[in-house]
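The values are calculated or read from the model by the stated rules, or taken from the named source; none is laboratory data. These numbers come from a predicted model, not from an experiment. Don't worry about glycine lacking a Cβ; one is built from the backbone with ideal geometry, like all the others, and counts go over all protein chains shown. Protein only, heavy atoms only, side chains kept; ligands, DNA and RNA dropped before computing areas. Shrake-Rupley method; radii C 1.70, N 1.55, O 1.52, S 1.80 Å.
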Amino acid sequence: MNVTVLAGGVGGAKLAHGFALCQPEIRLTVIVNTGDDFDHFGLRICPDLDTVCYTLAGLANPQTGWGRKEDTFEVLQCVAELGGPTWFKLGDKDLATHLERTRLLKEGQPLSRVVKTFCERWGIEAQVLPMSDDPVRTMVHTQEYGWIGFQDYFVRYGCQPAVKDFAFEGCERASPAPGVIEALEASDLIVIAPSNPWVSVQPILSLKGVSSTIHSKKAIAVSPIIQGRTVKGPAAKMYRELGIEPSALAVARHYQPFLWGFVMDELDRGLESSVRSSGIMVLITQTMMHNEQERLTLAKKILTFSKEIYQNRERREF
Ligand code: GDP
């Protein structure tokens, strides 16, 4: 069974890891948002790709969910002594990833090839694909500062500015990375991970051919919003500022054209009938993934749910 997961950073990485633990029974591809990528100290930083890869490789920091475990920050401390910028936290081990990636990119290698090399080195069995080898930059239109880059919004201003809109600069010119459309087309199951719908999943969907391929195959999405709140990050705040009440129902409506199935938390049981009434099948379960076992359990439940959906569809078609 071919499973493809669309992922941003922390939420996406956790569920991707759950599916990775189901290998070799499934073949897993993870398509990762690169709209957050940026250059800092002359180095290419790819926050979501690194979070996904560190998580799949067992190298992630379990406290933060991003960065590497058992990392130190000596370089950044020395940068601080020199009066340099320290708003973006770069650990010493993490820096090695950015140094080597930048070197390979400067040699002319596409990002997808660099990711493949790193995955092989880190012993990652899943196929991890950046959404594109071309630059796409997520821009956030804010009340306070006008249009700003995503990392300025997210890290420098700590998600405080009120959002009015988003743009994915370069997405019209960018092509999906080699393998992205092929993986989607060959998928028996496409999963939209519990990632931020506005700034982690939307950039992937904005690329040529991605939405139409998912639309023709249909997907299962997992809500990143539980009881109107996010587990982490600004997705709920973004919904509110855009005039939409944040809830699992809002997420289901967001993805509605793509969905056959929707996974929402047992704490949101009260919203089940509203989601079902839009023709989407619903799985209610614990969606909080506190540890490896819960990641695996959720992934397995989604696999079973997808089989139920297919059986149901087949019955209706005959
Ligand atoms: P980011 O780039 O690191 O912000 O990564 P994502 O967009 O992948 O993740 C942020 C989203 O993941 C937030 O909206 C969180 O609510 C959601 N999230 C994080 N952990 C979990 C979890 O264990 N379960 C669910 N359902 N959502 C989660």
**OP:** Please specify each residue of the stretch 187-233 satisfying the condition of being open to solvent by 50 Å² or more (accessible area, probe 1.4 Å) and either in contact with a Ser or Thr (Cβ under 8 Å, 6 or more places away or on another chain) or modelled with pLDDT of 95 or more (or both).
**Re:** ASP188, GLN202, LYS208, SER212, LYS217, GLN227, ARG229
**OP:** Taking VAL251 as the residue in question, decide whether it is away from the ligand (no atom under 12 Å from the Cβ), at pLDDT 95 or above and either within 18 Å of the chain's Cα centre (by Cα) or part of a strand (DSSP E or B) (or both).
**Re:** no
Original post:
From THR287, THR297, which residue is within 19 Å of GLY12 (Cα to Cα) and assigned to a loop (DSSP other than H, G, I, E, B)?
Top reply: THR287
Original post:
Which one of these does SER216 not meet: (1) touching a strand residue (DSSP E or B) at 6+ places or on another chain (Cβ under 8 Å); (2) free of Cβ contacts under 8 Å to residues at least 40 places away in the same chain?
Top reply: (1)
Original post:
Quick check: anything in the stretch 82-96 in contact (Cβ under 8 Å) with a residue 12 or more places away in the chain and acidic (Asp, Glu)?
Top reply: yes
**OP:** Among the residues of the stretch 287-318, write down those that are open to solvent by 70 Å² or more (accessible area, probe 1.4 Å), in contact with a strand residue (DSSP E or B) (Cβ under 8 Å, 6 or more places away or on another chain) and closer than 22 Å to ALA7 by Cα.
**Re:** LYS301
**OP:** Might you let me know whether the stretch 258-269 holds any residue that is away from the ligand (no atom under 15 Å from the Cβ) and open to solvent by 70 Å² or more (accessible area, probe 1.4 Å)?
**Re:** no
**OP:** Could you check LEU242 against (1) under 22 Å from SER206 (Cβ atoms); (2) open to solvent by less than 50 Å² (accessible area, probe 1.4 Å) and say which number it fails?
**Re:** (2)
Subject >> Any pair with Cβ under 8 angstrom, 6 or more apart, that starts in the stretch 29-52 at a residue that is closer than 26 Å to ALA186 by Cα and ends at one that is among the acidic types (Asp, Glu) and within 11 Å of the ligand (Cβ to nearest atom) >> reply: VAL32/ASP48; ASN33/ASP48; THR34/ASP48; ASP48/ASP36
Subject >> the stretch 189-205, residues that are within 11 Å of VAL222 (Cα to Cα) and within 10 Å of the ligand (Cβ to nearest atom) >> reply: ALA193, PRO194, SER195, ASN196, PRO197
Original post:
within 12 Å of the ligand (Cβ to nearest atom), part of a helix (DSSP H, G or I) and open to solvent by less than 80 Å² (accessible area, probe 1.4 Å): does that describe GLU272?
Top reply: no
Subject >> Selected residue (criterion: surrounded by the fewest Cβ atoms within 10 Å (Cβ to Cβ)) from residues of the stretch 118-127 that are in contact with a helix residue (DSSP H, G or I) (Cβ under 8 Å, 6 or more places away or on another chain) and over 21 Å from ASP71 (Cβ atoms) >> reply: GLU125
Original post:
Taking the stated definitions as given, is THR138 without any contact (Cβ under 8 Å) to a residue 24 or more places away in the chain, closer than 26 Å to GLY170 by Cβ and buried (at least 17 other Cβ atoms within 10 Å of the Cβ)?
Top reply: no
